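Asker: This is the structure I want to talk about, given as structure tokens.
The values are calculated or read from the model by the stated rules, or taken from the named source; none is laboratory data. Please read these numbers as outputs of a predicted model, since none were measured by experiment. Neighbour counts run over all protein chains shown; Cβ positions are idealised from the backbone, glycine included. These accessible areas exclude ligands, DNA and RNA; they are computed on the full protein's heavy atoms, side chains included. Shrake-Rupley method; radii C 1.70, N 1.55, O 1.52, S 1.80 Å.
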Amino acid sequence: MLDQQKDSAFAVQGASRLSIKQAISSVILQESQALTAVASNIPETASILVNKILENTGKIVFSGIGKSGLVAHKLAATFSSLGIPSIFLHACDALHGDLGVIQQNDILIALSKSGTGTELENIFASLDNNKNFTKNYTVLICCNSGNLCNLVDLVVKLPLEREACPLNLAPTSSSTLMMAFGDALAVVVSSMHNFDKNCFARVHPAGALGKRLILTVNYFMSSGQNLPVVKKDSNFSEILYIISSKKLGIGVVVDDKNNLCGIVTDGDLRRACDKFGPDVFNKKAIEIMTLNPKTVNIDALAYEALEIMENFNITSLVVVNGKAAVGVIHIHDLIKAGIKG
């Protein structure tokens, strides 16, 4: 009997989990259907908005209240990350001093599902009555026609049948539509601006791609007093001391003009000991060094240096400026900095 009760409980739990999964799936499907409907029926004013953004010489100011405000905040970040100068202005804060962030030639894009909102009404009225804002362009992205539609230069009305919320009240499908539409605007505008991965890296310098495409070898290399410089006529004891004290596992052999002649690695030291025995202490750097070591130019990207080291299974590279040895870069420093993508 106890086993039967357990089996029954597990069956109920399983059914409950299944119904929850079905409910979640239903909401997602409703939102995806709403997106499909918009994708098949893009408002004509969307093209006008894209062209206005392309022509714009100022910044894009996004604003909104509630869930629409949260979407506006996200879109401002997306636009900026794709090279389109943008900020978010909370509609309430705008009415208490922050409206000054809007300058001539800026585009104000307000988001409101219903196309209504007292705060946004007051913002549009203030801009309209202030001669300093005569060159502004105002846009409303909405899902329903409201009084705000009569206060802006351009209305982009996204078709929405109903929310995914069973009560048809909570912003679900509507906020998803505005988010997706805003993302599409940003991607299209950035593409038409020829915004490529190098541009992306410049506005994401701390990201993995930014580090790979921006940071150069000289940012990571050991140089100056930290560079393990060895003269061609340095003896074994001097070489050993320099390599040990600089802690890079390598000695950079140079001539009187600081031109690179070769390198002495820990492996070179061991091989010299095996080859020459006790007489190794009489040998000079030029006699035990490795000729034609792998190098990288000081202006090269750090990621390029990492690729060289990985391809040749080595841990250090001599950094050169022309023929002169100016530094050493170690693979561990690059990996630690997140250069490896």
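Asker: For segment 110-259, how many pairs of lysine residues have a Cα-Cα distance under 25 Å, where the two are 8 or more positions apart or belong to different chains?
Answerer: Close lysine pairs found across segment 110-259: 11.
Asker: Compute the signed sum of charges (Lys and Arg +1, Asp and Glu -1) over the other residues within less than 10 Å, Cβ to Cβ, of F236. Spell out each step's value before the answer.
Answerer: Numbers: positive: K283, K284; negative: E238, D279, E287.
Summing Lys/Arg as +1 and Asp/Glu as -1 gives -1.
Asker: May I pose another question? With a 1.4 Å probe and all protein chains left in place, how much accessible area per residue does segment 26-105 have, in Å²?
Answerer: Numbers: 4020 Å² over 80 residues.
Here the per-residue accessible area is 50 Å².
Asker: What residues have an amide H closer than 5 Å to that of V320, excluding those fewer than 5 places away on the same chain, when H is modeled at 1.01 Å from N in the peptide plane?
Answerer: Residues meeting the amide H criterion: V296, N297, I298, V326.
Asker: Also: Give, rounded to the nearest 20 debye, the magnitude of the charge dipole that segment 95-145 has about its Cα centre when Lys and Arg contribute +1 at Cβ and Asp and Glu contribute -1 at Cβ.
Answerer: Values: 3 positive and 5 negative charges, 26 e Å.
Dipole magnitude for segment 95-145 comes out near 120 debye.
Asker: I need the chymotrypsin sites (Phe, Trp or Tyr not before Pro) found in segment 249-341, filtered to DSSP loop residues with at most 16 other beta carbons within 10 Å of theirs.
Answerer: On the way: sites: F276, F281, Y303, F312; in loops: F312.
Passing both the DSSP loop test and the Cβ count: F312.
Asker: Which longest run of the chain has no exposed loop site in it, a site being GluC sites (Glu not before Pro) in a DSSP loop with at most 13 other beta carbons within 10 Å, and the site itself not part of the run? Before the final figure, lay out each step's value.
Answerer: Values: sites that count: E44, E161.
No qualifying site falls inside 162-341, the longest such stretch.
Asker: While we're here: Quote to one decimal, in nm, the extra length available between N122 and A184 on full extension: 0.36 nm per residue of separation minus the C-alpha distance between them. List each step's numbers first, then the result.
Answerer: On the way: separation 62, 0.36 × 62 = 22.32 nm, distance 2.86 nm.
Value of the extension gain: 19.5 nm.
Asker: Do the sum for the chain: with -39,500 (n - 2.57) for every DSSP H run of n ≥ 4, divided by all residues, what is the mean residue ellipticity at 222 nm, to the nearest 500 deg cm²/dmol?
Answerer: On the way: 13 runs with 157 residues, N = 341.
-14500 deg cm²/dmol, from helical runs alone.
Asker: So, R0 is 30 Å and r is the distance between the beta-carbons of T36 and D196; what FRET efficiency does that work out to, to 0.05?
Answerer: Values: r = 30 Å, r/R0 = 1.00.
So the FRET efficiency works out to roughly 0.50.
Asker: Using +1 on the beta carbon of Lys and Arg, -1 on that of Asp and Glu, and nothing else charged, what's the dipole of segment 210-341 about the Cα centre, debye to 20? Numbers along the way, then the final one.
Answerer: Numbers: 16 positive and 14 negative charges, 37 e Å.
I would put it at about 180 debye.
Asker: Between (1) 20.6; (2) 19.6; (3) 25.6, which matches Kirkwood radius over Cα pairs in Å calculated for the structure shown?
Answerer: (3)
Asker: In addition: Could you tell me what fraction of 2.2 N^0.38 Å the Cα radius of gyration of segment 164-206 comes to, as a two-decimal ratio? Walk me through the numbers on the way to the answer.
Answerer: On the way: Rg = 15.9 Å, N = 43, 2.2 N^0.38 = 9.2 Å.
So segment 164-206 has a normalised radius of gyration of 1.73.
Asker: Next question, about the same structure. Sort out the exposed loop trypsin sites (Lys or Arg not before Pro) in the chain (DSSP loop, at most 14 other Cβ within 10 Å) and tell me the longest stretch that has none. The partial results should precede the final answer.
Answerer: Working: sites that count: K135, R162, K247, K257, K323.
With trypsin sites (Lys or Arg not before Pro) excluded where exposed in loops, the chain gives 1-134 as its longest stretch.
Asker: Taking only protein heavy atoms and a 1.4 Å probe, what accessible area per residue, in Å², does segment 202-341 have with all protein chains in place?
Answerer: Numbers: 7740 Å² over 140 residues.
Value for segment 202-341: 55 Å² per residue.
Asker: Now, a different point. Using +1 on the beta carbon of Lys and Arg, -1 on that of Asp and Glu, and nothing else charged, what's the dipole of the chain about the Cα centre, debye to 20? Write out the running numbers ahead of the final one.
Answerer: Working: 30 positive and 30 negative charges, 134 e Å.
For the chain, the charge dipole is close to 640 debye.
Asker: Let me ask something else. Quick check: pseudo-label points 7 Å beyond the Cα along Cα→Cβ at Q104 and N292, how many nm apart are they?
Answerer: Going from the Q104 label point to the N292 one covers 6.6 nm.
Asker: While we're here: Taking all protein chains as present, what is the carbon and sulfur share of the accessible area of the chain, in % to the nearest whole number, probe 1.4 Å?
Answerer: So the carbon and sulfur contribution to the accessible surface is 53 percent.
Asker: Next question. For L177, what is the net charge nearby, where nearby means another residue's Cβ is under 15 Å from its Cβ and Lys, Arg count +1, Asp, Glu -1?
Answerer: Details: positive: K67, K74, K113, K157, R162; negative: E31, E161, E163, D183.
Local net charge: +1.
Asker: Assuming R0 = 51 Å, what is the FRET efficiency of S114 and N321, from their Cβ-Cβ distance, to the nearest 0.05?
Answerer: Numbers: r = 63 Å, r/R0 = 1.24.
For S114 and N321, the calculated efficiency is 0.20.
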